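Before any comments, here is the structure.
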Amino acid sequence: GVERSKMVEVRNVVKYFGRLKALDDVSFDVHDGEKVVIIGPSGSGKSTLLRSINKLEAIDGGRIVVDGIDLYSQQTDINKVREEVGMVFQSFNLFPHKTVLENITLAQLIVRKRSKKEAVEKAMMLLGKVGLAEKAAAYPGKLSGGQQQRVAIARSLAMDPKVMLFDEPTSALDPEMIGEVLDVMKSLAREGMTMVVVTHEMGFAREVADRVIFMDYGKIVEEGTPEHFFTNPSHERTKLFLSQIL
Ligand code: ADP
Ligand code: MG
(Lines give C-alpha, C1' and ligand atoms only; values in the text may rest on other atoms or scores of the structure.)
(Ligands and ions follow the chains in the order given, each with its own letter.)
Protein backbone atom coordinates (compact mmCIF):
# COMPACT_ATOMS: atom_id res chain seq x y z
CA GLY A 1 0.00 0.00 0.00
CA VAL A 2 0.83 3.68 -0.03
CA GLU A 3 3.27 4.73 2.69
CA ARG A 4 1.47 7.15 5.00
CA SER A 5 3.15 9.52 7.37
CA LYS A 6 2.78 9.22 11.11
CA MET A 7 0.34 11.78 12.48
CA VAL A 8 0.33 10.74 16.14
CA GLU A 9 3.09 8.87 17.91
CA VAL A 10 2.46 7.78 21.49
CA ARG A 11 5.57 6.24 23.06
CA ASN A 12 5.79 4.52 26.44
CA VAL A 13 3.45 6.99 28.06
CA VAL A 14 3.04 6.76 31.82
CA LYS A 15 0.60 8.85 33.84
CA TYR A 16 0.01 8.69 37.57
CA PHE A 17 -2.77 10.17 39.66
CA GLY A 18 -1.16 9.91 43.06
CA ARG A 19 -0.26 6.24 43.33
CA LEU A 20 -2.75 5.16 40.67
CA LYS A 21 -1.08 4.36 37.35
CA ALA A 22 -3.73 5.63 34.93
CA LEU A 23 -1.53 5.03 31.87
CA ASP A 24 0.97 2.21 32.04
CA ASP A 25 3.53 2.21 29.22
CA VAL A 26 1.10 3.04 26.41
CA SER A 27 2.49 3.08 22.86
CA PHE A 28 0.73 3.30 19.51
CA ASP A 29 0.82 5.24 16.25
CA VAL A 30 -1.91 6.83 14.18
CA HIS A 31 -1.10 7.39 10.53
CA ASP A 32 -2.33 10.23 8.37
CA GLY A 33 -6.01 9.64 7.57
CA GLU A 34 -6.31 6.64 9.85
CA LYS A 35 -9.32 6.08 12.14
CA VAL A 36 -8.59 4.44 15.48
CA VAL A 37 -11.36 3.49 17.90
CA ILE A 38 -10.45 2.97 21.55
CA ILE A 39 -12.65 0.78 23.71
CA GLY A 40 -12.38 -0.42 27.28
CA PRO A 41 -14.13 -0.47 30.63
CA SER A 42 -14.78 2.61 32.73
CA GLY A 43 -11.60 3.73 34.48
CA SER A 44 -9.24 2.00 32.04
CA GLY A 45 -7.51 5.26 31.07
CA LYS A 46 -9.19 6.14 27.77
CA SER A 47 -10.00 9.75 28.66
CA THR A 48 -6.61 10.27 30.27
CA LEU A 49 -4.98 9.04 27.08
CA LEU A 50 -6.99 11.38 24.83
CA ARG A 51 -6.43 14.28 27.19
CA SER A 52 -2.70 13.56 27.07
CA ILE A 53 -2.76 13.71 23.26
CA ASN A 54 -4.34 17.15 23.59
CA LYS A 55 -1.85 18.25 26.26
CA LEU A 56 -4.59 18.58 28.88
CA GLU A 57 -2.63 16.34 31.27
CA ALA A 58 0.99 16.42 32.37
CA ILE A 59 2.45 13.00 31.61
CA ASP A 60 5.01 11.35 33.90
CA GLY A 61 6.93 9.43 31.28
CA GLY A 62 7.25 8.74 27.58
CA ARG A 63 6.47 11.11 24.76
CA ILE A 64 3.71 12.13 22.40
CA VAL A 65 4.45 13.60 18.98
CA VAL A 66 1.68 15.04 16.78
CA ASP A 67 2.57 15.95 13.20
CA GLY A 68 6.21 16.24 14.20
CA ILE A 69 5.50 18.39 17.28
CA ASP A 70 6.71 16.94 20.56
CA LEU A 71 3.79 17.94 22.81
CA TYR A 72 5.61 17.75 26.11
CA SER A 73 8.88 19.34 25.13
CA GLN A 74 9.56 22.61 26.98
CA GLN A 75 9.47 24.72 23.84
CA THR A 76 6.08 23.63 22.57
CA ASP A 77 3.51 26.42 22.62
CA ILE A 78 0.08 25.32 23.85
CA ASN A 79 -1.61 27.37 21.11
CA LYS A 80 0.27 25.33 18.53
CA VAL A 81 -1.18 22.17 20.10
CA ARG A 82 -4.66 23.74 20.02
CA GLU A 83 -4.23 24.30 16.28
CA GLU A 84 -3.08 20.76 15.57
CA VAL A 85 -5.40 18.71 17.76
CA GLY A 86 -9.17 19.08 17.94
CA MET A 87 -11.10 17.48 20.77
CA VAL A 88 -14.77 16.76 21.28
CA PHE A 89 -15.97 15.77 24.74
CA GLN A 90 -18.97 13.90 26.03
CA SER A 91 -20.31 17.15 27.53
CA PHE A 92 -20.24 19.60 24.66
CA ASN A 93 -18.75 22.44 26.73
CA LEU A 94 -20.16 25.22 24.56
CA PHE A 95 -20.05 28.75 25.97
CA PRO A 96 -23.66 29.22 27.13
CA HIS A 97 -23.69 33.02 26.88
CA LYS A 98 -22.34 33.11 23.34
CA THR A 99 -24.29 32.35 20.19
CA VAL A 100 -23.55 29.31 18.09
CA LEU A 101 -21.69 31.53 15.62
CA GLU A 102 -19.64 33.19 18.38
CA ASN A 103 -18.80 29.77 19.83
CA ILE A 104 -17.27 28.79 16.49
CA THR A 105 -15.49 32.07 15.75
CA LEU A 106 -13.93 32.76 19.17
CA ALA A 107 -10.85 30.53 19.03
CA GLN A 108 -10.36 31.32 15.35
CA LEU A 109 -10.04 35.02 16.25
CA ILE A 110 -7.88 34.53 19.34
CA VAL A 111 -5.73 31.48 18.60
CA ARG A 112 -5.70 31.46 14.79
CA LYS A 113 -5.74 35.28 14.64
CA ARG A 114 -8.13 35.27 11.70
CA SER A 115 -10.09 38.34 10.63
CA LYS A 116 -13.72 38.51 11.72
CA LYS A 117 -14.81 38.03 8.10
CA GLU A 118 -12.66 34.93 7.60
CA ALA A 119 -13.77 33.44 10.91
CA VAL A 120 -17.46 34.00 10.18
CA GLU A 121 -17.14 32.53 6.68
CA LYS A 122 -15.41 29.47 8.04
CA ALA A 123 -18.01 29.09 10.81
CA MET A 124 -20.92 29.35 8.37
CA MET A 125 -19.32 26.82 6.03
CA LEU A 126 -18.88 24.37 8.91
CA LEU A 127 -22.38 24.99 10.27
CA GLY A 128 -23.67 24.12 6.81
CA LYS A 129 -21.64 20.95 6.90
CA VAL A 130 -23.09 19.82 10.22
CA GLY A 131 -26.58 20.83 9.07
CA LEU A 132 -27.07 23.76 11.44
CA ALA A 133 -26.65 26.92 9.33
CA GLU A 134 -30.04 28.18 10.47
CA LYS A 135 -28.94 28.03 14.14
CA ALA A 136 -26.04 30.50 13.85
CA ALA A 137 -27.73 33.17 15.96
CA ALA A 138 -29.17 30.79 18.56
CA TYR A 139 -27.79 30.27 22.06
CA PRO A 140 -26.65 26.71 22.87
CA GLY A 141 -29.34 26.29 25.54
CA LYS A 142 -31.99 26.45 22.81
CA LEU A 143 -30.49 23.49 20.95
CA SER A 144 -30.93 19.77 21.49
CA GLY A 145 -27.98 17.76 22.80
CA GLY A 146 -27.33 16.35 19.35
CA GLN A 147 -27.32 19.83 17.83
CA GLN A 148 -24.99 21.12 20.55
CA GLN A 149 -22.57 18.29 19.91
CA ARG A 150 -22.60 19.05 16.19
CA VAL A 151 -21.78 22.69 17.01
CA ALA A 152 -18.93 21.47 19.22
CA ILE A 153 -17.59 19.42 16.32
CA ALA A 154 -17.83 22.43 14.00
CA ARG A 155 -16.03 24.55 16.60
CA SER A 156 -13.16 22.06 16.73
CA LEU A 157 -12.96 21.79 12.95
CA ALA A 158 -12.76 25.57 12.63
CA MET A 159 -9.17 25.40 13.85
CA ASP A 160 -8.24 23.16 10.89
CA PRO A 161 -6.85 20.43 13.15
CA LYS A 162 -4.62 17.70 11.76
CA VAL A 163 -6.21 15.15 14.05
CA MET A 164 -9.58 14.97 15.83
CA LEU A 165 -10.05 13.26 19.18
CA PHE A 166 -13.54 12.25 20.31
CA ASP A 167 -14.15 11.17 23.90
CA GLU A 168 -17.47 9.32 24.06
CA PRO A 169 -19.14 11.99 21.92
CA THR A 170 -22.57 10.35 22.02
CA SER A 171 -22.66 9.03 25.58
CA ALA A 172 -24.56 12.02 26.97
CA LEU A 173 -27.15 12.05 24.19
CA ASP A 174 -30.70 10.78 24.04
CA PRO A 175 -30.79 7.70 21.80
CA GLU A 176 -32.61 9.47 18.96
CA MET A 177 -29.77 11.99 18.66
CA ILE A 178 -26.86 9.59 18.52
CA GLY A 179 -27.27 8.91 14.81
CA GLU A 180 -27.02 12.55 13.71
CA VAL A 181 -23.71 12.99 15.54
CA LEU A 182 -22.30 9.69 14.25
CA ASP A 183 -23.32 10.74 10.72
CA VAL A 184 -21.26 13.93 11.02
CA MET A 185 -18.31 11.87 12.28
CA LYS A 186 -18.70 9.38 9.43
CA SER A 187 -18.67 12.12 6.82
CA LEU A 188 -15.55 13.56 8.44
CA ALA A 189 -13.99 10.11 8.24
CA ARG A 190 -14.86 9.85 4.55
CA GLU A 191 -13.14 13.19 3.94
CA GLY A 192 -9.92 11.65 5.23
CA MET A 193 -9.65 13.20 8.69
CA THR A 194 -7.27 11.45 11.09
CA MET A 195 -9.46 10.41 14.03
CA VAL A 196 -9.08 8.80 17.44
CA VAL A 197 -12.48 7.95 18.89
CA VAL A 198 -13.34 6.58 22.30
CA THR A 199 -16.81 5.11 21.99
CA HIS A 200 -19.09 2.27 22.96
CA GLU A 201 -20.84 2.51 19.58
CA MET A 202 -19.67 -0.76 18.10
CA GLY A 203 -21.58 -0.18 14.86
CA PHE A 204 -19.47 2.92 14.32
CA ALA A 205 -16.31 0.96 15.12
CA ARG A 206 -17.21 -1.76 12.62
CA GLU A 207 -18.06 0.72 9.90
CA VAL A 208 -15.34 3.35 10.33
CA ALA A 209 -12.36 2.05 12.29
CA ASP A 210 -9.18 0.98 10.54
CA ARG A 211 -7.98 -0.26 13.90
CA VAL A 212 -9.51 -0.90 17.32
CA ILE A 213 -7.53 -0.65 20.55
CA PHE A 214 -8.77 -2.31 23.73
CA MET A 215 -7.51 -0.79 26.98
CA ASP A 216 -7.77 -2.13 30.50
CA TYR A 217 -6.06 -0.95 33.71
CA GLY A 218 -4.14 1.76 31.85
CA LYS A 219 -2.63 -0.63 29.34
CA ILE A 220 -3.27 -1.52 25.72
CA VAL A 221 -4.34 -5.16 25.99
CA GLU A 222 -4.99 -5.79 22.34
CA GLU A 223 -5.23 -3.98 19.01
CA GLY A 224 -6.41 -5.06 15.60
CA THR A 225 -8.95 -4.60 12.84
CA PRO A 226 -12.67 -4.47 13.71
CA GLU A 227 -13.04 -7.90 12.06
CA HIS A 228 -10.43 -9.29 14.45
CA PHE A 229 -12.18 -7.82 17.47
CA PHE A 230 -15.69 -8.80 16.59
CA THR A 231 -14.96 -12.30 15.34
CA ASN A 232 -11.84 -13.50 17.04
CA PRO A 233 -10.44 -11.44 19.96
CA SER A 234 -7.33 -12.97 21.52
CA HIS A 235 -7.53 -12.05 25.19
CA GLU A 236 -9.95 -13.20 27.84
CA ARG A 237 -10.38 -9.64 29.11
CA THR A 238 -11.29 -8.45 25.61
CA LYS A 239 -13.82 -11.25 25.22
CA LEU A 240 -15.35 -10.48 28.59
CA PHE A 241 -15.63 -6.76 27.80
CA LEU A 242 -17.14 -7.34 24.36
CA SER A 243 -19.62 -9.86 25.77
CA GLN A 244 -20.78 -7.17 28.19
CA ILE A 245 -21.30 -4.41 25.66
CA LEU A 246 -22.42 -6.22 22.49
P1 ADP B 1 -11.83 6.04 31.28
O2 ADP B 1 -11.96 7.26 30.43
O3 ADP B 1 -11.33 4.84 30.56
O4 ADP B 1 -13.12 5.74 32.02
P5 ADP B 1 -10.07 7.69 32.88
O6 ADP B 1 -8.95 8.02 31.98
O7 ADP B 1 -11.11 8.75 33.06
O8 ADP B 1 -10.75 6.33 32.41
O9 ADP B 1 -9.53 7.32 34.30
C10 ADP B 1 -8.49 6.39 34.49
C11 ADP B 1 -8.23 6.25 35.98
O12 ADP B 1 -7.66 7.47 36.45
C13 ADP B 1 -9.49 6.02 36.80
O14 ADP B 1 -9.15 5.16 37.87
C15 ADP B 1 -9.84 7.40 37.30
O16 ADP B 1 -10.54 7.33 38.51
C17 ADP B 1 -8.48 8.03 37.47
N18 ADP B 1 -8.49 9.49 37.27
C19 ADP B 1 -8.83 10.12 36.12
N20 ADP B 1 -8.69 11.45 36.25
C21 ADP B 1 -8.25 11.67 37.51
C22 ADP B 1 -7.90 12.83 38.26
N23 ADP B 1 -7.97 14.05 37.71
N24 ADP B 1 -7.50 12.66 39.52
C25 ADP B 1 -7.40 11.43 40.08
N26 ADP B 1 -7.70 10.30 39.44
C27 ADP B 1 -8.12 10.41 38.16
MG1 MG C 1 -13.63 8.43 29.95
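Solvent exposure of the chain, expressed per residue, is 47 Å² of accessible area, with all protein chains present and a 1.4 angstrom probe.
The charge dipole of region 109-228, taken about its Cα centre with unit charges on the Cβ atoms of Lys, Arg (+1), Asp and Glu (-1) only, comes to about 940 debye. Annotation: amide H-H contacts under 5 Å for Arg211 (H modelled 1.01 Å from N, sequence separation of 5 or more, or interchain): Lys35, Val37. Counting only lysines at least 8 places from Lys186 when in the same chain, those with an alpha carbon closer than 26 Å to its own are Lys6, Lys35, Lys46, Lys55, Lys122, Lys129, Lys135, Lys142, Lys162. Checking the a/c ratio against 1.5 first, then a/b against b/c, what shape does the Cα gyration tensor give for region 40-158? It is oblate, given that a/c is not under 1.5 and a/b is not larger than b/c.
Within the chain, DSSP assigns beta bridges of which about 55% are antiparallel (rounded to the nearest 5). Scanning the chain for GluC sites (Glu not before Pro) that sit in a DSSP loop and have at most 12 other Cβ atoms within 10 Å, the longest stretch containing none of them is 4-190. Which part of region 202-216 falls in the paramagnetic zone of Thr231, meaning amide N under 20 Å from the point 7 Å along Cα-to-beta-carbon? Zone members listed by number: 202-214. With N as its number of residues, region 185-246 has a Cα radius of gyration that, divided by 2.2 N^0.38 Å, comes to 1.13.
Specify whether the C-alpha gyration tensor of region 5-95 places it in the rounded, prolate or oblate class, a ≥ b ≥ c being the square roots of the eigenvalues: rounded for a/c under 1.5, otherwise prolate if a/b is larger than b/c and oblate if not. Note, shape of region 5-95 comes out rounded. Amide H contacts for Ala158 (H built 1.01 Å from N in the peptide plane; partners 5 or more residues away or on another chain; cut-off under 5 Å): none found.
Among the trypsin sites (Lys or Arg not before Pro) found in region 1-74, those both in a DSSP coil and sparsely packed, with 10 or fewer other Cβ atoms within 10 Å of their Cβ, are Arg19.
With all protein chains in place and ligands, DNA and RNA left out, the 1.4 Å accessible area ranks His97, His228, His235 as His97, His235, His228, largest first. In the chain, the DSSP-assigned H stretches of four residues or longer account for a calculated mean residue ellipticity at 222 nm of -11000 deg cm²/dmol, using -39500 (n - 2.57) per stretch and the full residue count as denominator. To the nearest ten degrees, helix 145-157 and the longest principal axis of the Cα atoms of the chain are 90 degrees apart. Per the Cα gyration tensor, the chain maps to an equivalent ellipsoid with semi-axes of 29, 22, 17 Å, ordered largest to smallest. Under a Gaussian network description of the chain, with springs only between Cα atoms under 10 Å, the residue in Arg211, Arg190, Arg155 that fluctuates furthest is Arg190. With all protein chains in place and a 1.4 Å probe, the accessible surface of the chain carries 50 percent carbon and sulfur.
The values are calculated or read from the model by the stated rules, or taken from the named source; none is laboratory data. Only a predicted model underlies this, so the values are computations on that prediction, with no experimental measurement involved. Glycine gets a Cβ as well: all are built from the backbone with ideal geometry, and neighbour counts include every protein chain shown. These accessible areas exclude ligands, DNA and RNA; they are computed on the full protein's heavy atoms, side chains included. Shrake-Rupley method; radii C 1.70, N 1.55, O 1.52, S 1.80 Å.
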